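Here the structure is laid out as structure tokens; the discussion comes afterwards.
The values are calculated or read from the model by the stated rules, or taken from the named source; none is laboratory data. Predicted, not measured: the structure shown is a model, and the values here were computed from it. Every residue, glycine as well, gets a Cβ built from its backbone with ideal geometry; the counts of neighbours run over all protein chains shown. Remember, those area values only see protein heavy atoms, side chains included, never the ligands or the DNA or RNA. Shrake-Rupley method; radii C 1.70, N 1.55, O 1.52, S 1.80 Å.
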Amino acid sequence: EGWQIAQVLNTPDAEVFNEMIKYELERGLDAISFSLDFATQKGLDADYAKEEEVGRNGLSISGLNSLTRALNGIDITKYPLNIFTGYTSLPFLMLLKAYCTKQNIDSTKIKGCIFSDPISCLSAYGKLNITIDKAFDELKQSVEFAEQYFPNVKVIGSCGFGYNSAGASAVQELGFVFAAIVEYANKLVEKGLQVEKVFKNIRVTFGISSFYFMEIAKLRAAKLLWSNIVKAYGLDPEKYKLYIHARTSKYNQTKYDTYVNMLRTTTEAFSAVLGGINSLHTNAFDEEFNTPDEFTRRIARNTQIILKEESNLVKLVDPAGGSYYVEKLTDEVATLSWALLQEVEKQGGMVEAIKNEYIQNEIKKVSDLRIADLAKRKSVLVGTNMYANVKETLPEKRSFDKSAFIKKRAEFLQKYRVSGNNEKHSAIIDKLGKLSNSSSSELFETGIAAFVEGATLGEVANSLHSGIEESYSVTPLKIYRLAEIFEELRDNAENFKSKHGYAPKLFLATMGPVKQHKGRADFSRGFFEVAGFDVIYPNALNNTAEAVESFEKSGAKVVVICSTDETYPEIVPAFMQELKERNIAGYVVLAGYPKEQIEDHKASGVNDFIYLGCDAYTLLKRVQAKSIELSVN
């Protein structure tokens, strides 16, 4: 059947979203996908939320008017809806049904996923605005609501993208996603929901990283785990297929050399498709640092179109099947993930494991190892910790006037609240008053009617959650990108350049003939360009006097001696003596690490050593700080 091209359009403004989604649907998008912004997820209207929450990571929707502006002129029965609503979807489902009523749309024809995921929200945000038990209650009510009004829409999500973005391994992402599914199933069955309805309504989301075969194996293993879990609840896996949505990873996206992100996204999308996903979002190559424009969205969208229509991947049935390597890797990943799921069960389930920080600590162990490997350049992010292009400039920042947008939203809502007659206001107040005390059947109709009368999403959510507030908070996952530590060094260099007109300089003392110094000089240039240094690479220097004089004239404050271990015992003491005699202040680095000579070179005055396997980040940070200090002083 292929897969849906389901690009999430991340804009807070309903009118802008409407223009964008129409444009994208005409050019290959298969679904209407967005997240509600952080304020809306928390059940707050834009004029009552904190400014930093309005428009954060999604679309600002406060009622029928804003939803109508977002979907104006679009046949929502023609395209699947993929909407993430946060830790509860009940208020938004009521709003969408009210929209269908006002627009005379048959809601039973709407397809897709309008889902909440309170467990992943708890791990990502650290705190919910309602108790987790209330979130489970509303998850049950959402399933019942969808059964009545949206029978072709899934409403339960289990999202691994947050774990992926915090640096989790493939095994951890799988184990935690399915442990959450088990907890949802157990809690909802305890609350009286039939288990068949639970598994009919589940959609999982995975982040797709750049480890090509591992990602294929992860998705294939997901289907094995799903089959085992479905069987454990007495159901037939053939009747309850797993719906997998995938998003290419943000964890390995880079701010410098952003065009490499296109390549990362392409390989990630390729592995997602071969792994057997149902829908896919491919990142715009600059979306982590900029507001995607028409060009960057087009590249992201067309990546999938090329895989689908030019590479003909839709014509393949399980292309990785039968490959011994992939099958063996799939089995290993599935076995380890199942063991991790069982360990989470021993912890008391996902919620308890998040409360006692088992989840956070396990992910941190893996992410710390990944950072250490990147710092030592055992793993490579092209353009970031190796092969940096110091001449490149960052893409121009596309500005979005968030303050003006927030002001516009707040003013609109404030005017809206005082508009209309007393009869309208009385009807809204009456409906809102009934919400907190209604049974499910009355609750649904009352909520829909409140939105039709003109209530806002914040008012409905406040009535549903009246007097209920989460009583505890947990340590949230640390969401970050792997490249951030090295980007910090490049930012430091750029800031220095903007103040002084030139980048921090570093001089290579290329001692002796080319064959004697070239290997280490080339290594040193690549090593220090990672931190934004302007590396001065002269021709061969014949003696220490010439080298020191050239270093002094260069204006650099850091010098790297480049030669061989055999010549260093003669060159280094003479070089350091020449520096002292000329009274030249500088930070001296030796290219190489001849173990038996280290103490002697330190005694001569060498400050640092660079070599394969050293902690490049820590060393670069130290050298850069010293260079800036000496340059300023």
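What does the charge count around residue 265 come to, taking other residues whose C-beta lies under 12 Å from its C-beta (Lys +1, Arg +1, Asp -1, Glu -1)? Before the final figure, lay out the partial values.
Details: positive: 247, 250, 264, 301; negative: 268, 286, 287, 288.
Residues near residue 265 contribute 0 overall.
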Item to complete: Would you work out the relative contact order for segment 217-344, in percent, from Cα pairs under 8 angstrom that are 6 or more residues apart?
Response: 31 percent
Worksheet item: When you count, for each residue, the other Cβ atoms within 10 Å and take the mean per peptide, how do 332-342, 173-183, 189-199 rank with the highest first?
Response: 173-183, 332-342, 189-199
Worksheet, complete the sentence: Rg from C-alpha atoms of segment 424-563, normalised by the globular rule of thumb 2.2 N^0.38 Å, equals 2.32
Worksheet item: Hey, can you rank 358-365, 408-415 by average C-beta count inside 10 Å, highest first?
Response: 358-365, 408-415
Item to complete: Can you tell me the 0 to 90 degree angle between the C-alpha axis of helix 212-232 and the longest principal axis of the chain, rounded to 10?
Response: 30 degrees
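Note the per residue figure in Å³ for the convex hull of the C-alpha positions in segment 221-366.
Details: hull volume 23.9 nm³, N = 146.
Each residue corresponds to 164 Å³ of Cα convex hull volume.
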Fill in: Set of segment 73-97 residues, backbone N closer than 15 Å to the point 7 Å along the Cα-Cβ line of residue 469
none
Discussion item. Relative contact order for segment 1-147: what percent, with Cα pairs under 8 Å and sequence separation of 6 or more?
Written reply: 22 percent
Worksheet entry | Overall form of segment 159-303 per C-alpha gyration tensor (a/c, 1.5; a/b vs b/c) | prolate
Fill in: For segment 57-135 versus segment 1-53, the gap between their alpha-carbon centres in whole angstrom
10 Å
Worksheet item: Tilt of helix 484-500 relative to the longest C-alpha principal axis of the chain, in degrees (0 to 90, nearest 10)?
Response: 60 degrees
Response to the item:
In whole percent, the fraction of accessible protein surface over the chain that belongs to carbon or sulfur atoms, probe radius 1.4 Å, stands at 50 percent
Discussion item. Net charge within 15 Å of residue 542 by Cβ-Cβ distance, Lys/Arg positive one each and Asp/Glu negative one each, not counting residue 542 itself?
Written reply: -3
Fill in: Part-to-part distance (alpha-carbon centres) for segment 208-280 and segment 347-423, which is given in Å
21 Å
Item to complete: Please work out whether segment 94-194 counts as rounded, prolate or oblate from its C-alpha gyration tensor, where a ≥ b ≥ c are the square roots of the eigenvalues and a/c under 1.5 means rounded, while otherwise a/b larger than b/c means prolate and anything else oblate?
Response: prolate
Discussion item. If you scale each eigenvalue of the Cα gyration tensor by 5 and take the root, what three semi-axes come out for segment 207-259, rounded to whole angstrom and sorted largest first?
Written reply: 32, 10, 7
Practice prompt. Kindly identify segment 565-620 as rounded, prolate or oblate by the Cα gyration tensor criterion: order the square roots of the eigenvalues as a ≥ b ≥ c, call it rounded if a/c is under 1.5, otherwise compare a/b with b/c, prolate if a/b is larger, else oblate.
Written response: oblate
Item to complete: Could you tell me which of the pairs 22/308; 255/376; 50/478; 364/602; 97/218; 187/250 are separated by over 27 angstrom between their Cα atoms in the structure shown?
Response: 364/602; 97/218; 187/250
Worksheet entry | Isotropically averaged projected area of segment 1-98, using the convex hull of Cα atoms (one quarter of hull area), nm² | 6.4 nm²
Item to complete: Report the relative contact order of the chain, percent, no decimals, based on alpha-carbon pairs under 8 angstrom and at least 6 residues apart.
Response: 15 percent
Worksheet item: What is the distance in Å between the Cα centres of segment 582-632 and segment 165-179?
Response: 40 Å
Worksheet entry | Burial ranking of peptide ranges 8-20, 108-120 (average Cβ count within 10 Å, highest at the top) | 108-120, 8-20
